[in-house]
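Following: one structure in structure tokens, then a few remarks.
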Amino acid sequence: MRATQCLHMTTQCVLSPADYRRMPWKNGGGHTTEIATFPAGSDFASFVWRVSIAEVLQDGPFSPFAGVDRTLVLLAGGGMRLTGEGAPIELRTAFAPIDFSGDASLQCSLLAGPVRDFNLMVRRGAARGIIVVCRDRGGPVPPADAYVCHAAAGAAECAVDGLPPIALAPSHTLVVTSGTGTAAPALRLHPLAAGSVALVAAIRFR
């Protein structure tokens, strides 16, 4: 189900898991669930930013993305180790973002069975982004031109300045975008139950 509201060129859209798009990895070695991209409908070669969730079921190569900066967050599973160019990268702790370059050729080794991860990719030179982890009392998110707020564990409430708060059910996502040259309004996030965790990709255009 989608719900869209506009405020001074700012749009917020609630996405349910039924709205996400399941598609093959770039290298064909598995599948990813695409939550949102900008521009909407863009492919691997043309996105400015992209947010997705991947199920990694076995060891294998990571898809290279030249000119793209990546952030991964472990959602479930025993973790994984990425080796190849540069120092090894390990994801062992749930909800702890790890940044790395998509230029590197990397091999993934699972540490204790399949994992699920949350993935932000931004086109270097066009945008930059971070993932903010909100739990317990929540709080404000750094100013951005776009937000992708995902209820990763439990429910969460998103409050965009000037608009009514929106409660996100587990695994649902709020996407907030602004018009060209206009920053999105401030956003605050509040997990709604003990143990709830929300992830916010905050993206700025260069």
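In this structure, does R124 turn out to be basic (K, R), in contact with a Cys (Cβ under 8 Å, 6 or more places away or on another chain) and either over 23 Å from P191 (Cβ atoms) or modelled with pLDDT under 95 (or both)? Criteria not met by R124. Cβ separations smaller than 8 Å between residues 6+ apart or across chains give the following pairs from the range 184-199 residues that are more than 20 Å from V73 (Cα to Cα) to residues that are in a strand (DSSP E or B) and of a type in the set (D, E): L192/E157. In the range 40-84, the qualifying residues are those that are in contact with a Pro (Cβ under 9 Å, 6 or more places away or on another chain) and β-branched (V, I, T), and the one that is nearest to R116 (Cα to Cα) is V56.
Residues in the range 125-157 that are touching a residue at least 40 places away in the same chain (Cβ under 8 Å), more than 22 Å from A76 (Cβ to Cβ) and not in a loop (DSSP other than H, G, I, E, B): 7 in all. Residues of the range 55-67 that are in contact (Cβ under 8 Å) with a residue 40 or more places away in the chain, surrounded by fewer than 20 Cβ atoms within 10 Å (Cβ to Cβ) and over 14 Å from S109 (Cβ atoms): E55, P64, G67.
The rows are residues; the columns are (1) within 29 Å of P185 (Cβ to Cβ); (2) at pLDDT 95 or above; (3) out of contact with any Phe, Trp or Tyr (no Cβ under 8 Å at 6 or more places or on another chain).
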{"position": "F62", "(1), (2), (3)": "no, no, yes"}
{"position": "R70", "(1), (2), (3)": "yes, yes, no"}
{"position": "I89", "(1), (2), (3)": "no, no, no"}
{"position": "L106", "(1), (2), (3)": "no, no, no"}
{"position": "N119", "(1), (2), (3)": "yes, yes, yes"}
{"position": "G138", "(1), (2), (3)": "yes, no, yes"}
{"position": "V141", "(1), (2), (3)": "yes, no, no"}
{"position": "P164", "(1), (2), (3)": "yes, no, yes"}
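Residue-level analysis places V132 among those that are surrounded by 15 or more Cβ atoms within 10 Å (Cβ to Cβ), within 18 Å of P97 (Cα to Cα) and among the aliphatic types (A, V, I, L, M).
Filtered by the rule that a residue be in contact (Cβ under 8 Å) with a residue 40 or more places away in the chain and in a strand (DSSP E or B), the range 159-183 gives V160, I166, L168, T173, L174, V175, V176, T177.
The values are calculated or read from the model by the stated rules, or taken from the named source; none is laboratory data. This one's a predicted model, so the numbers in the text were calculated from it and none came from an experiment. So basically every Cβ, Gly included, is an ideal-geometry build from the backbone, and we count neighbours across all protein chains shown.
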